[in-house]
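Following: one structure in structure tokens, then a few remarks.
The values are calculated or read from the model by the stated rules, or taken from the named source; none is laboratory data. Computed from a predicted model, the values in this text were never measured in an experiment. No Cβ is skipped: glycine too gets one built from the backbone with ideal geometry, and neighbour counts run over all protein chains shown. In case anyone asks, the SASA skips ligands and DNA or RNA and just uses the protein heavy atoms, side chains included. Shrake-Rupley method; radii C 1.70, N 1.55, O 1.52, S 1.80 Å.
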Amino acid sequence: MVLAAGRGERMRPLTDSTPKPLLRVRGQPLMQWPMQALARGGFVRQLVNTAWLGEQIPAHFGERVHWAGLPEVHIRYSHEGQDFGRALETAGGIVRAMPGLDTVFWVVAGDVFAPDFVFSDPALQRFATSAALAHLWLVPNPMHNPGGDFGLSASGQVLNLPPGAAGRDHTFSTIALYKQAFFADCGVPTGNPEGVALALAPLLRAAMDQGQVTGEVYAGDWTDVGTPQRLFFLNRYNRLPIKKLIGIH
């Protein structure tokens, strides 16, 4: 699943007429980078949720797309904006789309640039046979999030540490594997027929407290394209290491 429903308030005025995932990075829409990376790993059945200016996304990609050197990608859409008039937040959008997702599935935000990330079937299979309900890829804290999101134990458990705690050294990259069972007790039925908006972070933190979330560090280039300045740097300095540009330690 590729998340593409957000408004992109911090990217205005760029997002007043273009949904953030369609803003161009190095010659192509931002969300096309993770879509192509998924296809490169063999994950060719992709589901995209939409809301703000959501009609532009299927108009651009359609239901089938074939990029040079990659297998054909089949795209399904979950149109939260059309169905409910608004985005349903991350967890609400995932639960809405869940009837179209496998028992174990990838999720990545369509506004994150991680060109070297490898979506691999071995990683999915390892997770599928583990006891965890979610597996997150974390990055070292960037300058825009110095306090971090989570900790990570030596055994690979993601830790729900309070703000300011020692060891809260990692930021969630948005790239993750989930089992449908992760959302079983979220209070919203599969398919989210009422269009309940539901945040993901509280669900993750509750599952971490139960030891149900594992993770690992992704050391490759990664940018949360959350401001016009970060978008500018990606496009202006496209031959320099991203980590140096945005201050990842």
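Can you give the accessible area per residue of the range 90-249, in Å², using a 1.4 Å probe?
Result: 45 Å² of accessible area for each residue.
Let me check against my output: what whole-number percent is the relative contact order of the chain, with C-alpha pairs under 8 Å and at least 6 apart? Kindly include the intermediate steps, with their values, before the conclusion.
Numbers: 484 pairs, mean separation 58.5, N = 249.
Dividing the mean separation by the residue count of the chain yields 23 percent.
What part of the accessible area of the chain, given as a whole %, is carbon or sulfur when the probe is 1.4 angstrom?
On the way: 6000 of 11310 Å².
Summing carbon and sulfur atoms, their accessible area is 53 percent of the total for the chain.
Relative contact order for the range 1-97: what percent, with Cα pairs under 8 Å and sequence separation of 6 or more?
On the way: 150 pairs, mean separation 29.0, N = 97.
Computed value for the range 1-97: 30 percent relative contact order.
Working out 0.36 nm times the residue gap between residue 206 and residue 9, then minus their Cα-Cα distance, what length gain in nm do you get to one decimal?
Values: separation 197, 0.36 × 197 = 70.92 nm, distance 2.80 nm.
Result for the pair: 68.1 nm of gain on full extension.
What Kirkwood hydrodynamic radius do you get for the range 90-248 when you take the inverse of the mean 1/r over all pairs of distinct Cα atoms, in Å?
Details: mean 1/r = 0.0601 Å⁻¹.
Result for the range 90-248 stands at 16.6 Å.
How high is the FRET efficiency from residue 154 to residue 17, r the C-beta distance, R0 35 Å, rounded to 0.05?
Details: r = 48 Å, r/R0 = 1.36.
Computed FRET efficiency for residue 154 and residue 17: 0.15.
Looking at the chain only, what percent of DSSP beta bridges run antiparallel? Nearest 5 please. Could the numbers behind the result be given before it?
Values: 20 of 36 bridges.
The antiparallel proportion sits near 55 percent.
Using just the helices of the chain, give the 222 nm mean residue ellipticity in deg cm²/dmol: DSSP H runs with n ≥ 4 each add -39,500 (n - 2.57), and the total is spread over all residues, rounded to 500.
Numbers: 8 runs with 60 residues, N = 249.
Calculated mean residue ellipticity at 222 nm is -6500 deg cm²/dmol.
Note down the nm distance, to one decimal, between modelled labels 7 Å out along Cα→Cβ at residue 165 and at residue 26.
So the label points at residue 165 and residue 26 sit 3.6 nm apart.
Roughly how many debye, to the nearest 20, is the charge dipole of the chain about its Cα centre, given +1 on each Lys and Arg Cβ, -1 on each Asp and Glu Cβ, and no other charges? Intermediate values should be presented prior to the final figure.
On the way: 21 positive and 20 negative charges, 143 e Å.
Charge dipole, the chain, about its Cα centre: 680 debye, nearest 20.
Residues of the range 205-221 with amide nitrogen under 17 Å from the 7 Å Cα-to-Cβ point of residue 118?
216-221
Please name whichever of 22, 50, 191 sits farthest to the positive end of the charge dipole of the chain, dipole taken about the Cα centre and charges placed at Cβ: Lys and Arg +1, Asp and Glu -1.
Going by the Cα projections, it comes out as 22.
Grab the other residues whose beta carbon is less than 11 angstrom from that of residue 152, score K and R as +1, D and E as -1, and report the net. If you can, show how the numbers build up before the last one.
Values: positive: 168; negative: 149, 169, 216.
Net of charged neighbours comes to -2.
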